[in-house]
Amino acid sequence: MWPDITRCYCIDDLRITAKRSLPKPIFDYLDGGADDEITMRRNREGFRDYEFSPRVLRNVAQIDLSTQALGVASSMPLICAPTGMSRMFHYLGEVAVARAAHAAGIPYSLSTVSSTALEEIAELTPGPKFFQLYVMKDRSIAHDLIERCKSAGYQGLYLTADLASLGNRERDLRNGFGRPLEIKIRTGLSALRAPLWLYRLATQPAMRLATLARYLPHDGDAVKNSEFVNEQFDPTLDWDDAIAFREQWGGHFIIKGIQCVEDARKAVEIGASAIVISNHGGRQLDMAPTALSLLPQVVDAVGDQIDVLMDGGIRRGSDVIKAVALGAKACLIGRPYLFGLAAGGQAGVSRALGLLRTEMERVMRLIGCESISALDARYLQRIERVANG
């Protein structure tokens with residue numbers, strides 16, 4: 001039976017539907033974080049530290065959510081973040097997300113560990129596209145990926161800077177990720193409760209790390225290569241390398257994974273076009289700072305020199321409005337659209353983006369602000385909490 005996504009009225013509804021639609025190991029991979037998952041929870045809870053300061057008796061009949069983010073026009077301050085192996089969640093994977101993003105008028109970002117090749121995505125949709133570069137120990141791969149992105153017409157390049165080591169994701173360890181035979185058995189048994197997902201798995205081609213396939217054994221088979229790829233992330237990556245990649249790329253260059261003011265200033269110094277304050281959705285370092293808590297400091301330090309974006313914990317349109325009010329040019333989302341993808345393919349992604357858009361418009365009307373360009377910190381106030389004890 002197909003899930004009825006029209007009865008999903010918020011991102012959490014899509015999450016519940018995704019959980020019902022996926023085998024447990026696959027849902028846990030999507031939903032989980034590092035260690036005790038404290039940072040992942042705080043990403044979400046941080047938005048509750050701010051309440052709105054509404055203006056009334058304003059003409060808000062027409063709300064303008066449009067903005068310029070990462071050098072391109074966007075219909076709202078939202079970008080589909082790069083997420084790995086999206087075909088795990090629905091057989092169309094990145095194709096469905098890229099099409100839904102284009103239909104919504106927002107940029108799409110593709111991961112190095114995508115299950116659809118970067119050239120295929122470039123041919124499928126004319127909308128603005130960005131590529132997220134993971135740097136492997138074999139640096140020739142990164143240099144070749146950059147040239148492929150240039151040839152395919154991508155508008156920008158993220159350098160992911162927070163992957164010196166893969167985070168300790170204990171849900172995945174318990175479910176057998178990185179152990180091909182065990183994950184196949186556990187997923188297969190769990191998939192009996194997700195017959196539609198199992199049917200698609202049986203009738204669609206095996207999932208590949210399609211963008212990386214030419215550099216990997218087994219034709220890029222995702223299961224056979226998962227442990228190998230996780231061991232290839234390069235812990236020697238440094239700021240000099242970032243400069244070299246920026247120079248090779250020659251276009252819009254974004255440092256993703258900024259977690260302190262010092263590194264934000266360094267990104268400006270090396271000539272980056274933008275930064276993304278991010279703790280990788282709580283999937284890398286537990287007890288890392290949340291992007292929202294760091295955002296005002298970073299904007300104060302570099303906001304007039306570089307575009308500042310953020311991700312992590314966004315589940316409501318009101319979260320996006322709060323982030324923009326605190327100085328973010330736009331927000332990246334990953335899990336929200338993946339919940340939609342798992343729940344209903346491209347239609348589910350469109351549902352997720354539509355829900356967030358509707359919530360943003362409603363909040364803007366209720367706080368008395370007619371356009372994103374007029375939104376600032378005057379529309380927020382921080383809630384002072386009394387510590388226990």
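The values are calculated or read from the model by the stated rules, or taken from the named source; none is laboratory data. In this text the structure is predicted, and so the values were computed from the model without any measurement. Neighbour counts run over all protein chains shown; Cβ positions are idealised from the backbone, glycine included.
Annotations
- Taking segment 45-83 as the range and being of a type in the set (A, V, I, L, M) and over 30 Å from Ser114 (Cβ atoms) as the test, the residues that pass are Val56, Leu57, Val60, Ala61, Ile63.
- Conditions (1) modelled with pLDDT of 95 or more; (2) outside any loop (DSSP other than H, G, I, E, B); number of the one not met by Gln62: (2)
- Any hit, segment 218-229, residues being in a loop (DSSP other than H, G, I, E, B) and within 22 Å of the chain's Cα centre (by Cα): no
- Qualifying residue in segment 317-328 (condition: closer than 21 Å to Leu159 by Cα, small (Gly, Ala, Ser) and either surrounded by fewer than 24 Cβ atoms within 10 Å (Cβ to Cβ) or in contact (Cβ under 8 Å) with a residue 12 or more places away in the chain (or both)): yes
- Residue check for Arg378: closer than 24 Å to Tyr108 by Cα, assigned to a helix (DSSP H, G or I) and among the basic types (Lys, Arg): no
- Just one residue in the set Ile277, Ile270 is crowded, with 18+ Cβ neighbours inside 10 Å and of a type in the set (Val, Ile, Thr); that residue is Ile277.
- Residue in segment 230-250 that is surrounded by the most Cβ atoms within 10 Å (Cβ to Cβ), counting only those that are outside any helix (DSSP H, G or I) and at pLDDT 95 or above: Leu237
- Of all residues in segment 67-77 being part of a loop (DSSP other than H, G, I, E, B) and at pLDDT below 95, the one that is surrounded by the most Cβ atoms within 10 Å (Cβ to Cβ): Leu70
- Residue within segment 60-72 that is free of Cβ contacts under 8 Å to residues at least 24 places away in the same chain and over 25 Å from Met287 (Cβ atoms) present: yes
- Breaking point among (1) out of contact with any Gly (no Cβ under 9 Å at 6 or more places or on another chain); (2) part of a helix (DSSP H, G or I), for Thr39: (1)
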